[in-house]
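Okay, so here's the structure we're looking at.
The values are calculated or read from the model by the stated rules, or taken from the named source; none is laboratory data. Small disclaimer: the values here were computed from a predicted structure and weren't measured. Here the Cβ positions follow ideal geometry from the backbone for every residue, glycine too, while neighbour counts run over all protein chains shown. Heavy atoms of the whole protein, side chains included, go into the accessibility calculation; ligands, DNA and RNA do not. Shrake-Rupley method; radii C 1.70, N 1.55, O 1.52, S 1.80 Å.
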Amino acid sequence: MILEEMMNTEVVTLGPGHTIREARELMEDKKIRHLPIVDDEGGIVGVISDRDLKEAIPSSLIGKQDLSVYETPLSEIMTKDPLTGHPLDFVEEAAVIFYENGIGCLPIVSSGKVVGIITETDLLYRYIELTGASKPGSQIEVRVPDVAGVLFGVSKVFYEHNANVLSVLVYPDKDRLDHKILVIRVKTMNPLAIIEELRKEGYDVLWPNLPGMQQ
């Protein structure tokens, strides 16, 4: 999946000359936590987050507040030259950028202009969608040898049981480096027959590990 398919194209922006007051009011009104800061041509020059505003605005617990801080231009507190993505970048690549840099949003730029934005919440929601976790079903984890064609053999069992597979994730087996773990989410609340068939075919079903079932 590419970012163009999931990014929010209704991007709310301000310019570097706008003030902290304007940013705070806009973010509260739109119920957003990140604001791309753009120049007159729509090019990205910075990013403001709700955390930036909280750090810049004095606490209400302080006796005497300097209200002039609200008129501070955003150019003085914004994160300059922020990381950006392109509409044709893959979602997985964006997730790595979020993880490695600890950022909360990624402006999406095309032809030098901001055309969209994604946030860490967008990525989390997309992950939930891709794994099928928001839909009723069961999860089965199977340890398989890391060899070509093994996924075909496992999927054949699900096909023969007319089971609707919602998602398949593959990750390394930390205990056995020559194996992989398949995490399969299937649209059934009773996967016992599938589990039994997988084990008959010689596959190591790790989850669910139900009492009384043959290992």
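If the chain linking T79 and V183 were pulled fully straight, counting 0.36 nm for each residue of separation and taking away their Cα-Cα distance, it would gain 33.5 nm. Computed with a 1.4 Å probe over protein heavy atoms only, the accessible surface of the stretch 52-138 comes to 63 Å² per residue. Separation of the stretch 159-173 and the stretch 12-26, taken as the distance between their Cα centroids, equals 47 angstrom.
Which residue fluctuates most in the GNM of the chain (Cα springs below 10 Å): V38, V154, V12? Highest fluctuation of the listed residues: V154. Subtracting the Cα-Cα distance of F152 and D204 from their residue separation scaled by 0.36 nm leaves 17.2 nm.
Quick one: of K31/K80; K156/K187; K31/K54; K54/K113; K135/K180; K31/K113, which pairs are farther than 19 Å apart, Cα to Cα? Mind dumping the intermediate values first?
Values: K31/K80 23 Å; K156/K187 16 Å; K31/K54 15 Å; K54/K113 28 Å; K135/K180 25 Å; K31/K113 23 Å.
Those over the limit are K31/K80; K54/K113; K135/K180; K31/K113.
Apolar share of the accessible surface for the stretch 100-215: 53 percent from carbon plus sulfur atoms, 1.4 Å probe. Evaluating 6.51 cos²θ - 1.76 cosθ + 1.60 at θ = phi - 60° for every residue in the stretch 102-114, the Karplus couplings come out as x, 9, x, 8, 9, x, 9, 10, 9, 6, x, 10, 6 Hz, glycine and proline recorded as x.
Rounded to the nearest 0.05, what FRET efficiency do D173 and E5 give with R0 = 45 Å and r taken as the Cβ-Cβ distance? Could you check? Could you put the intermediate results ahead of the total?
Details: r = 31 Å, r/R0 = 0.70.
The computed FRET efficiency comes out at 0.90.
Here the Karplus curve 6.51 cos²θ - 1.76 cosθ + 1.60, taken at θ = phi - 60°, turns the phi angles of the stretch 127-139 into couplings of 4, 4, 5, 5, 7, x, 5, 7, 10, x, x, 10, 10 Hz, with x standing for Gly and Pro.
Only one residue of T84, P58, A95 has its Cα farthest out toward the positive end of the dipole of the stretch 45-182, where Lys and Arg carry +1 and Asp and Glu -1 on Cβ, and that residue is A95. Looking at the chain, send over the antiparallel percent of its DSSP beta bridges, to the nearest 5. Restricted to the chain, the bridges split so that about 95 percent are antiparallel.
Computed from the Cβ-Cβ distance with R0 of 45 Å, the FRET efficiency linking H161 to S110 stands at 0.50. The Rg/Rh ratio for the stretch 75-215 is 1.12, where Rg is the radius of gyration of the alpha carbons and Rh is the Kirkwood radius.
Converting phi to 3J(HN,Hα) with the Karplus coefficients 6.51, -1.76 and 1.60 and the offset θ = phi - 60°, the stretch 67-74 yields 5, 5, 4, 5, 9, 5, x, 5 Hz in sequence order, with x at every glycine or proline. Between helix 20-30 and the chain, what is the angle of the helix's C-alpha long axis to the longest principal axis, kept within 0 to 90° and rounded to the nearest 10? Once rounded, the angle reads 40 degrees.
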